[in-house]
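Computed from the coordinates by the stated procedures, all read-outs in this text should not be read as laboratory data. Being a predicted model, the structure only gives us computed values, none of them experimental. Using ideal geometry, Cβ is built from the backbone for each residue, glycine included, and neighbour counts are taken over all protein chains shown.
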């Protein structure tokens, strides 16, 4: 065997070892979140809806959420969530964990909801400003308050 062959073999072994070390260098371990996050789905937003609190069913909250347009997510549609459903869950085909049910809503409907809530908040702020300005006195005028507000829903991506 010549020295050239040995050198090539050694470089191959080192390259293989370097590849293995790089494969081992994964993301650092972090504790899992209590509620898993589903993979993003075009045109939908996700939210966890409360179904129980302190062991008592909260059917009013679930019913309200369904009327708002939230739909329960089928467990079979998101196998990446791996987890057990709550014991005696009334949503056995869906993903319920810790008294919370994973639901989705179309992005379009969510935008409409945000617009409605923003308009409602603006009209409330206008009513507060009008009430404040009603106390205006020409001898000591009040300045109209300057405000910049931002309304956000949840911490998910948009």
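Points to keep in mind about this one:
- Mean shadow area of the stretch 44-106 over all directions, Cα convex hull, nm²: 4.1
- Legend: ranking of residues 50, 88 from fewest to most surrounding C-beta atoms inside 10 Å; resulting order 88, 50.
- Here 44, 116 are placed in order of increasing Cβ neighbour count within 10 Å, fewest first, which gives 116, 44.
- Ranking of 74, 150 by count of other Cβ atoms within 10 Å, fewest first: 150, 74
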